[in-house]
Amino acid sequence: MRQDGIQVKSTRHAKYQSGHHFVWIPFKRRKIFRDEAIIEATKRYIREAAANNDIEIEAIEIDRTLIDHVHVFASFPPRMSASQVVNILKGYSSRHLRMEFPWLKQLYQKDPLWARSFYWGTCGNVSAQTVKRYIEECQG
């Protein structure tokens, strides 16, 4: 991210400048972020999913105040929809977190790791810095 906002990117047929703020929670609002290891693994898997799918992560944070929340601020090409992007991030991270942390399989059994619902907000060039700062400071 540049100092004056989100960088203008381009595809073969389009130039775009978009910022998207996603927030989702664990299924049944369970507290799964018990230690730093699972928090760091969640961030790592979300970044891996993004890198594999042409999604650029501007900021990512886990908020453990009242209910565990995952906040992601991302930019992606116009050929993708917000629901596709969040499904990619949630699906990849869920699959890999269950493999790395076997207790998640026991806790959820056949239930999904993440709730089906999510928050999605868009922001323009002016508010991108504000959203990024909010996500980075949501821990404290």
Handout entry: Condition check for Ile25: over 15 Å from Ala115 (Cβ atoms) and either of a type in the set (D, E, K, R) or surrounded by 16 or more Cβ atoms within 10 Å (Cβ to Cβ) (or both)
Key = no
Exercise for the section: Could you please give the count of residues in the range 66-78 that are in contact with a His (Cβ under 9 Å, 6 or more places away or on another chain) and part of a strand (DSSP E or B)? Expected result: 5
Completion exercise
Residues in the range 57-96 that are surrounded by fewer than 16 Cβ atoms within 10 Å (Cβ to Cβ) and within 16 Å of Gly19 (Cα to Cα) total 6
Problem - Unmet criterion (only one of (1) over 21 Å from Tyr134 (Cα atoms); (2) more than 11 Å from the chain's Cα centre (by Cα); (3) modelled with pLDDT of 90 or more) for Lys31 - result: (3)
Exercise for the section: Go through the residues of the range 97-117 one by one and say whether even a single one is within 16 Å of Asn52 (Cα to Cα) and either small (Gly, Ala, Ser) or buried (at least 16 other Cβ atoms within 10 Å of the Cβ) (or both). Expected result: no
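So that you can scan it fast, the table gives a plain yes or no per residue for (1) of a type in the set (Asp, Glu); (2) free of Cβ contacts under 8 Å to residues at least 24 places away in the same chain; (3) touching a helix residue (DSSP H, G or I) at 6+ places or on another chain (Cβ under 8 Å); (4) over 20 Å from Thr130 (Cβ atoms):
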| residue | (1), (2), (3), (4) |
| --- | --- |
| Arg12 | no, yes, no, yes |
| Gln17 | no, no, no, no |
| Pro26 | no, no, no, yes |
| Ala59 | no, no, yes, no |
| Asp63 | yes, no, no, no |
| Gln84 | no, yes, no, yes |
Exercise for the section: Mind listing whichever residues of the range 28-65 are farther than 12 Å from Leu97 by Cα, in a helix (DSSP H, G or I) and of a type in the set (D, E, K, R)? Expected result: Lys28, Arg29, Glu36, Arg47, Glu48
Handout entry: Single match in Glu40, Glu137 (criterion: within 15 Å of the chain's Cα centre (by Cα), free of Cβ contacts under 8 Å to residues at least 60 places away in the same chain and exposed (fewer than 14 other Cβ atoms within 10 Å of the Cβ))
Key = Glu40
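The values are calculated or read from the model by the stated rules, or taken from the named source; none is laboratory data. This one's a predicted model, so the numbers in the text were calculated from it and none came from an experiment. All Cβ positions, glycine included, derive from the backbone under ideal geometry; neighbour counts span all protein chains shown.
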